[in-house]
Amino acid sequence: MTKPMHHARHICAVLALGAMAQTATADEVTLASGITGNAVENFKLIVAPWEKATGHTATLVPMPSSTTDQFGQYRLWLAAGNADIDLYQTDVIWAPQLADQFVDLSEPAGELMKSHFPSIVESQTVGDKLVALPIYTDAPALYYRTDLLEKHGASVPTTWEELTKTAQMVQDAERAEGNDDLWGFVWQGNAYEGLTCNALEWVKSFGGGQIVEPNGDISINNANAVKALELVSQWPGTISPDGVLAYQEEEARGVWQTGNAVFMRNWPYAYRLGSGDDSAVKGKFGVTTLPTGGGHDTSAATLGGWNIALSKYSENQDAALSLAMYLASPEAQKLRALNSGNLPTVVSLYEDADIAREVPIIPQWKDVFLQAVPRPSAPTKGAYNEVSNKFWSAVHNTLSGDGTAAENLELLELDLTDLKGSGW
Amino acid sequence: MSKFLNATLFYALVFVIVGVSVFPFYYAVITSFKTGTALFEVDYFITKLDFSNYINVLSSPNFMRSVWNSVLIAASTVGFAMFLAVTASYALARVRFKGRGLLLICILAVSMFPQIAVLAGLFELIRALGIYNTPWAMILSYTIFTLPFTVWVLTTFMRDLPVEIEEAAIIDGATPWVIITQVFLPLMWPALVTTGLLAFIGAWNEFLFALTFTASESQRTVPVAIALLSGASEFEIPWGVLMAASVIVTVPLIALVLIFQRKIVAGLTAGGVKG
Amino acid sequence: MPSSPPSGMSSRHSLSAQRRRAAMWFLAPMLIALFCVAAWPLLRTIYFSFTNTTLTSLYDGKWIGFDNYLSYRKLSSGRVIWRGTLADPAWWNAVWNTVRFSVVSVALETVLGLIVALVLHQNFKGHGWVRAAVLIPWAIPTIVSARMWGWMLNDQFGIINDILLNIGLIETKIAWTANIETAMLAVLAVDVWKTTPFMALLCLAGLQMIPKDIYEAAKVDGVHPIRVFFKVTLPLLRPALMVAVIFRMLDALRIFDLIYVLTPNSKATKTMSVIARENLIDFDKFAYGSAQSTLLFALIAIFVSAYIWLGKVDLSGEHSK
């Protein structure tokens, strides 16, 4: 389907940066991406300087916003060697699973990557291969209602135990006053990737490891993890609605933004929407790092974010590489931060004066971001989705009262060991 | 008195049927007029007429384009399937030959695989034919579910038509082609319109193939376009816009049904030939 | 295909030979079209199920026989371990879910569809509009209606809970899709809502092909309407109804998008198609997923054959005239 590009790729590695300045032909580079709404408009804005400098055009192939749908499509397209898509915007956890189908960028982008957070670059590296270039990152935080906490004389909780108590107290007090729909804490409990993120945060912040450690050891069956899940399994029906076990990001935001929750765990996007004019919580909430638990002292926030990968089936490698490099560059990331409010992956941009003035939330988020933990996609390689699926199922079972935490985690360990076999 | 009671009960039943069918659509209409936080509140009536979601949908050039694509693809799919199915079902229903039952089962077997399983193979086929990212990709791949359905339904209906009319036509020296087009088709309107309509909606609503076989916004069909309508930011689901788009694309289908009413009724009277 | 009868035939023979020839020509385009579109993808799926292909290397799978279906290994301790889809409890859970879902939903849809069709068959004022209204659930794309229902069934701001609370049918808000006990109910309700129109329309077409004079004769004889329905209408409607049920069954056994959107990971609703997708795409076990798809195919084939046999569906049309 594609002609051998060995030679061409060699040259392009050398010419990559030079290609940004001059090219003989004007190519059309297609980028498949699940970016949404305003971001689509912003994309044009962000690539405009690149288009001007190189004479190429960048075309977006929009995808459904569901990441599972995107992943399925990309996998099929790549399997069949689709030459019509040059670049793919990939989730932070996909790199190890799709590594074989993407071009190694470590040579052309090695220098550029030095300005990025090493942990993020690490997450996109499989063996020695740099699979994708980070363009923005994401990390969740704890949203809390300043007005309600003040009214009931409570402080912002720093541990999960405290959060449980405060939430219960405020919820009881408010309900006694007739505020029947108020809930203490909303989060994402549906059986999906989001629950893996939530549960990883609980377990990690209780000192229970990160499911599978970077060296490939399965660590999930431990006393701290059990303690974390035991605390959480008290929430549904008490401080969280029973339905929280079906919530994804939007359902949680719905409860929160109508003023019906004291605390919420969510991504940065909820900040801007919660500050909108029609929001019931406008000006009444604050954001902080997620709590810790079980006497452990560091909290954890699951690392999210998006990257650009170059398909090895692409027929205009040079132009595509140049666009990928541009999108990961500090200039493009700054434009993106100013226009879309996405968190940059370039360290220096957190000190940038323009960004601090226009989007103050970004420097604020640096604290959250420093606590970020990656999901175990790197050590588990191609099996990550199955690992995650088994993990969220075990957690979901525990939360819905189907088996105890200890039982389910032991079972999970058994399943994962089975899956791992002689090595990931 | 009992007649009055019967009528009341009958209309009550009609009311329930219509109510249950339409309520979610009605709720979609209500939701389509909402924006922002109001989306998370329960309302039973339209509280304020805010057309911004509709303007949002209609002003995006690719949306109307995708409606047009869908019309084109669904209509061609149905036309293609009906042509093949009418002739084939005549053979299957009216001509006696060995292995008819087996053939019917084989045709059915085509739609026994989960769509997702045949996706990779179909994708290769479509790329090999060079029709990737064109309407032909969808028209071709949709036959995989429309054709077995139309063939089976039309065969069943055609088998029930009385022998006498066909014999009369044969005595008059009509060829099989004339029998199909001049004698059977007019009698089959209810069945034709129904299967055509169901196949049309099936093609109109198909999502997975349409998403996989297109790679540019201008080639996409309605369900894909709706799935691509997105909130202002990641995770946000634009309920208002989504509902407005759903209302917009459902209206043509309702119009289609209303237009074909007449044909269904026409078939009704023509159907009374038997006996 | 039968060969032409020997020469020296009567005019009747030559006529039927001519008809058979015509039949062949009529069948050919449809068969060629189906073969072109379906043969390659279907056979490939079956082939893949006997290999160790992954999506990352679609072309270098090796033949491994029935290992994806069932295989066993003897451990050094002498214990025998079974592997493969047929030894996977998750698969059997999916099979059970699928069968349960299909039987209940198709039964409900058939009964309701028939009722709706009988109502639509009556001549009353505004029946055109009612007919259009009834078709709405079928006309809304599944990916939209599934999300719409997900929204309406939401425990906190869903309208269903609000209505039920107002009527007093429930006391606290129920999380329909989250709860393991109610998840299947929710899926069933939405599916019945969505596909009853399909059934109703096919039944209606069947009803309208029944000659009117039969009813008039019954009316003159003073037969009770319910007796007419069971003695006259239903037997005449049977062929159309049987075909409608076959196609609903086919779709129900393969149900995917509704569950994928509404309750994607609930083990109470995970069906065979959903689990096959999970393995094919998400878990990079392409061959394993292909084996599951092939099993699903086999299961549907068995179901349909049993149905045709038990329901005495007249495939060859030998008994109709």
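Results, tabulated for the structure shown:
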read-out	value
Filter result (surrounded by fewer than 19 Cβ atoms within 10 Å (Cβ to Cβ) and farther than 30 Å from residue A:170 by Cα) within segment A:113-152	A:114, A:115, A:118, A:119, A:122, A:127, A:128, A:129
Any chance residue C:204 is crowded, with 19+ Cβ neighbours inside 10 Å, assigned by TED's automatic domain parsing to the domain that holds residue C:115 and in a helix (DSSP H, G or I)	yes
Unique residue being farther than 18 Å from residue C:42 by Cα and of a type in the set (Phe, Trp, Tyr) when the list is C:297, C:229	C:229
Flag for residue C:51 being among the polar types (S, T, N, Q), over 26 Å from the mean Cα position of the chain (by Cα) and at pLDDT 90 or above	yes
Test: residue B:139 is in contact with an Asp or Glu (Cβ under 9 Å, 6 or more places away or on another chain), among the aliphatic types (A, V, I, L, M) and in contact (Cβ under 8 Å) with a residue 12 or more places away in the chain	no
Any hit, segment A:129-148, residues being assigned to a helix (DSSP H, G or I) and aliphatic (A, V, I, L, M)	yes
Test: residue in segment C:294-315 that is surrounded by fewer than 24 Cβ atoms within 10 Å (Cβ to Cβ), part of a loop (DSSP other than H, G, I, E, B), more than 19 Å from the chain's Cα centre (by Cα) and among the hydrophobic types (A, V, I, L, M, F, W, C)	no
Single condition residue A:255 does not satisfy, out of (1) within 28 Å of residue A:411 (Cα to Cα); (2) at pLDDT below 95	(1)
So residue C:283, is it away from chain B (no Cβ under 12 Å) and aromatic (Phe, Trp, Tyr)	yes
Residue, nearest to the other protein chains (Cβ to nearest Cβ), within segment B:184-213, restricted to residues that are among the hydroxyl-bearing types (Ser, Thr, Tyr) and over 30 Å from residue A:66 (Cα atoms)	B:194
Only listed residue being among the β-branched types (Val, Ile, Thr) and at the interface with chain C (Cβ under 10 Å from one of its Cβ atoms), chosen from B:150, B:134, B:181	B:150
Hey, residue A:140 of a type outside the set (D, E, K, R) and within 14 Å of chain B (Cβ to nearest Cβ) or not	yes
Restricting segment B:48-87 to residues that are surrounded by 15 or more Cβ atoms within 10 Å (Cβ to Cβ) and among the small types (Gly, Ala, Ser), the residue that is modelled with the lowest pLDDT	B:60
Residue in segment A:220-254 that is surrounded by the most Cβ atoms within 10 Å (Cβ to Cβ), counting only those that are among the hydroxyl-bearing types (Ser, Thr, Tyr) and under 24 Å from residue A:275 (Cα atoms)	A:247
First in segment B:237-250 and farther than 20 Å from residue B:71 by Cα, second anywhere and among the charged types (D, E, K, R) and part of a helix (DSSP H, G or I), Cβ under 6 Å, 6 or more apart	B:237/A:250
Among (1) assigned to a helix (DSSP H, G or I); (2) out of contact with any Gly (no Cβ under 6 Å at 6 or more places or on another chain); (3) of a type in the set (D, E, K, R); (4) touching a residue at least 24 places away in the same chain (Cβ under 8 Å) - the single one residue A:250 does not satisfy	(4)
Test: residue in segment C:284-294 that is β-branched (Val, Ile, Thr) and within 30 Å of residue B:6 (Cβ to Cβ)	no
Sole exception among (1) facing chain C (nearest Cβ under 9 Å); (2) among the β-branched types (Val, Ile, Thr); (3) in contact (Cβ under 8 Å) with a residue 40 or more places away in the chain for residue B:144, by number	(3)
Flag for residue A:349 being part of a helix (DSSP H, G or I), modelled with pLDDT under 90, surrounded by fewer than 24 Cβ atoms within 10 Å (Cβ to Cβ) and not acidic (Asp, Glu)	no
Subset of segment C:252-280 that is small (Gly, Ala, Ser) and part of a helix (DSSP H, G or I) - its residue that is farthest from the other protein chains (Cβ to nearest Cβ)	C:252
Helices (runs of 4 or more DSSP H) wholly inside segment A:352-419 that include at least 2 residues being of a type in the set (D, E, K, R) and touching a Leu at 6+ places or on another chain (Cβ under 9 Å)	A:353-358, A:384-399
Matching residues in segment B:101-114 - criterion: being within 7 Å of chain C (Cβ to nearest Cβ) and surrounded by 20 or more Cβ atoms within 10 Å (Cβ to Cβ)	B:104, B:107, B:108, B:110, B:111, B:112, B:113, B:114
Leading residue by the ranking (nearest to residue B:126 (Cα to Cα)) among those in segment A:58-92 that are assigned to a strand (DSSP E or B) and over 20 Å from the mean Cα position of the chain (by Cα)	A:61
Checklist (1) away from chain A (no Cβ under 12 Å); (2) buried (at least 20 other Cβ atoms within 10 Å of the Cβ) applied to residue C:177, failing item	(1)
Test result for residue B:75, more than 7 Å from chain C (Cβ to nearest Cβ) and aliphatic (A, V, I, L, M)	yes
Single residue of B:105, B:55, B:73 found to be out of contact with any strand residue (DSSP E or B) (no Cβ under 8 Å at 6 or more places or on another chain), among the hydrophobic types (A, V, I, L, M, F, W, C) and under 30 Å from residue B:163 (Cβ atoms)	B:105
Test: residue in segment C:115-128 that is assigned by TED's automatic domain parsing to the domain that holds residue C:298, closer than 30 Å to residue B:248 by Cβ, assigned to a helix (DSSP H, G or I) and in contact with an Asp or Glu (Cβ under 6 Å, 6 or more places away or on another chain)	no
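To keep it simple, each residue is scored yes or no on (1) over 20 Å from residue C:284 (Cβ atoms); (2) within 12 Å of chain B (Cβ to nearest Cβ); (3) not acidic (Asp, Glu).
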residue: A:51; (1), (2), (3): yes, no, no
residue: A:55; (1), (2), (3): yes, no, yes
residue: A:63; (1), (2), (3): no, yes, yes
residue: A:75; (1), (2), (3): no, yes, yes
residue: A:85; (1), (2), (3): no, yes, yes
residue: A:107; (1), (2), (3): yes, no, no
residue: A:111; (1), (2), (3): yes, no, no
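Every residue, every condition in (1) surrounded by 15 or more Cβ atoms within 10 Å (Cβ to Cβ); (2) within 14 Å of chain A (Cβ to nearest Cβ), yes or no:
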position	(1), (2)
C:65	no, no
C:93	yes, yes
C:101	yes, no
C:119	yes, no
C:124	no, no
C:156	yes, yes
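The values are calculated or read from the model by the stated rules, or taken from the named source; none is laboratory data. The model shown is predicted, which means the values in this text are computed figures rather than measured ones. Glycine gets a Cβ as well: all are built from the backbone with ideal geometry, and neighbour counts include every protein chain shown.
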